[in-house]
Amino acid sequence: MINTFAVLLVFQTMGEGLAYALSLPVPGPVIGMLLLFLYLLLNSEAVHRLAPTSLELLKHLSLLFVPAGVGIMVHAQRIAAEWLPIMVALVASTAVSIAVTATVVRWLQKPVAGDSTASSAAAIMPSAATGSASSAAAGSAPDDRIGGAS
């Protein structure tokens, strides 16, 4: 457990050091998290060593939101004074996030030209390729599957 905390703190410190030394506009813990991610990609044994303690930390993740809540309470007057720009930023960033996510999902779901995956999926599940027409061709109405027929 102590070793896992030491590894996490070392990577956070490395990230803070890089952010400070290179005057990067990215927070040090984010850089440290990326460095830890790269380390775990290269060292699969470390994944198995860090997993138990990391999973235990994730069980108590809600405690990490307490400082943010305290910060909101400390700055309640400022938030009350600037509520409109804060709400506009929250709504706009949420809308942009949803739009970008939808675009990426659509792009990832497009079949690649010459890919046999789409034709093999149609062979496995013909109803997915042809819709409800295949159920009518099979002799059963869509209502029969739901229990709508008496």
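Observations
- Region 1-68: projected area of the alpha-carbon convex hull, averaged over directions, in nm²: 5.2
- The label-point distance for LEU9 and LYS110, in a model that sets each label 7 Å from Cα toward Cβ, rounds to 4.9 nm.
- For the pair GLU56 and VAL74, label points projected 7 Å from Cα toward Cβ lie 3.0 nm apart.
- Shape call, region 34-118: gyration tensor on alpha carbons, a/c limit 1.5: oblate
FYI, it's all coordinate maths here, none of it is from the lab. On a predicted model such as this, the values are computed, not experimentally measured, just so you know. Note that each Cβ is placed from the backbone with ideal geometry, even for glycine, and that neighbours are counted across all protein chains shown.
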